[in-house]
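**Q** Attaching a single structure in structure tokens format; questions to follow.
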Amino acid sequence: MKNFDFRNAKTLKSAIKILDELQENALLVAGGTNVMVDIRAEKVNNRTLVNIRDIAELKGIHFRHGEVSIGAMTTIAEMSVSNTLKKHAPALFGAACVFADPSTNRLATIGGNVGNASASGDTIPPLMVLDATVHLVSAQGERQVNIFDFIVKNGVTTRKPNEIITKITFKSQPKTGFIKLGPRKSMCISIATAAAYVDVDKSGIVNDCRIAMGGVAGVTVRGKHAEKALMGKKLADDIWEKVGEEVQKDISPRDPSVRAAASYRRAVVPVLVKRAVNLAAFGECMGEVKK
Ligand SMILES: Cc1cc2nc3c(=O)[nH]c(=O)nc-3n(C[C@H](O)[C@H](O)[C@H](O)COP(=O)(O)OP(=O)(O)OC[C@H]3O[C@@H](n4cnc5c(N)ncnc54)[C@H](O)[C@@H]3O)c2cc1C
């Protein structure tokens, strides 16, 4: 750890002021579960750490007029016991339920997960299928960005150096599901994840859908080819081979990679997508892949 200074922002107003003064010299610290790892690995140096953990305005999950709002400083632990998320965003609830481990989850925040923009970040595919909006504030005012426009690539977002994520919002969407495959059941960064939103009519025909995946490319990706293969089809056994072929066009897993070979990821992704779609359509909220 080299040349770090520290500032404590107790209110959103003071955080905005500090960021405006320091610009790219500032490094926001929410739960610190990514930041501290990066500091120890000397990936970041010569910065002023700006602690935003105590800012009450950035915490909490609310539901109003059909819309869910999650404060950026809401922890993964809080999300994993939220009845609001379980009912209105099962995919995101499911992601919180299979995240890391209890002690990490008490620190880790949704704002930090989105701000970190890892290609394996567990909350990002669910937020993509929920078509979520990221709310940012700076001394210049507020702005809102769709999650697809916010995430650029692994570790890179369109956030300006003086902006803070304040909250994430999306419309209630009970028909969503999430599946995570990791090397073990907890304390694991995912090998691959799939999230789905699916609207099916009474006869089981897909009217609308969104698929998103993590850990399968240099960025969390939308499964546009898989979506096209699902649209207008009945969710029955004969469609999955074609969906599995099409989803290969949506992903570009790295090879070599630390956690799994590209061939392995290509083999498991069709299974994850099928399970996420079935969860979304038929009402279960989450689940890890059972061996
Ligand atoms: C043991 C361990 C297990 C883990 N397991 C998982 C896992 O299962 N799934 C997973 O997805 N991740 C996992 N992670 C990674 C990490 O815990 C998550 O990404 C977490 O959500 C980060 O949140 P944080 O509050 O700790 O962020 P921080 O480390 O505080 O910040 C992360 C980044 O986001 C920025 N940031 C934070 N808050 C804001 C804000 N409000 N506005 C703008 N920028 C902001 C910071 O400046 C920094 O660049 C794990 C990490 C560890 C150490």
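**Q** Semi-axes of the equivalent ellipsoid for the chain, please: Cα gyration tensor eigenvalues, times 5, square-rooted, ordered largest first, whole Å. Intermediate results must be reported in sequence, preceding the final value.
**A** Working: eigenvalues 219, 87, 51 Å².
Here the semi-axes work out to 33, 21, 16 Å.
**Q** Sort out for me the Cα centre separation of segment 222-265 from segment 28-106, rounded to whole Å.
**A** For segment 222-265 versus segment 28-106, the Cα centre distance is 29 Å.
**Q** Pairs Lys13/Lys180; Lys171/Lys249; Lys86/Lys202; Lys153/Lys234; Lys167/Lys242; Lys43/Lys224: which exceed 31 Å Cα-Cα?
**A** On the way: Lys13/Lys180 37 Å; Lys171/Lys249 29 Å; Lys86/Lys202 23 Å; Lys153/Lys234 34 Å; Lys167/Lys242 38 Å; Lys43/Lys224 34 Å.
As for pairs spanning more than 31 Å Cα to Cα, those are Lys13/Lys180; Lys153/Lys234; Lys167/Lys242; Lys43/Lys224.
**Q** I would also like to ask the following. Nearest 500 deg cm²/dmol is fine: what mean residue ellipticity at 222 nm does the chain get from its DSSP H runs of n ≥ 4 alone, each adding -39,500 (n - 2.57), divided by its residue count? If you can, show how the numbers build up before the last one.
**A** Working: 12 runs with 94 residues, N = 291.
Helix contribution divided over all residues of the chain: -8500 deg cm²/dmol.
**Q** What is the spread of the Cα atoms of segment 5-51 along each of their three principal axes, largest first, in whole Å?
**A** 31, 19, 13
**Q** For Cα pairs less than 8 Å apart in space and 6+ apart in sequence, what is the mean separation divided by the residue count of segment 176-288, i.e. the relative contact order in percent?
**A** Values: 224 pairs, mean separation 38.0, N = 113.
RCO, segment 176-288: 34 percent.
**Q** Here's a follow-up. Before anything else, pin down the relative contact order of segment 62-217: Cα pairs under 8 Å, at least 6 apart, normalised by residue count, whole percent.
**A** On the way: 335 pairs, mean separation 41.6, N = 156.
That works out to 27 percent.
**Q** How many Å² of accessible area per residue for segment 176-288, probe 1.4 Å? Before the final figure, lay out each step's value.
**A** Details: 5280 Å² over 113 residues.
Dividing the accessible area of segment 176-288 by its residue count gives 47 Å².
**Q** Averaged per residue, what accessible area in Å² does segment 5-51 show with a 1.4 Å probe, protein chains only?
**A** For segment 5-51, the solvent-accessible area averages 58 Å² per residue.
**Q** Using a 10 angstrom cutoff on alpha carbons, build the Gaussian network for the chain and name the most mobile of Met73, Met36, Met128.
**A** Its mean-square fluctuation being the largest, the pick is Met36.
The values are calculated or read from the model by the stated rules, or taken from the named source; none is laboratory data. What you see is a predicted model; the values in this text were computed from it and never measured. Accessible surface is based on the protein model in full, side chains and every heavy atom, while ligands, DNA and RNA are left aside. Shrake-Rupley method; radii C 1.70, N 1.55, O 1.52, S 1.80 Å.
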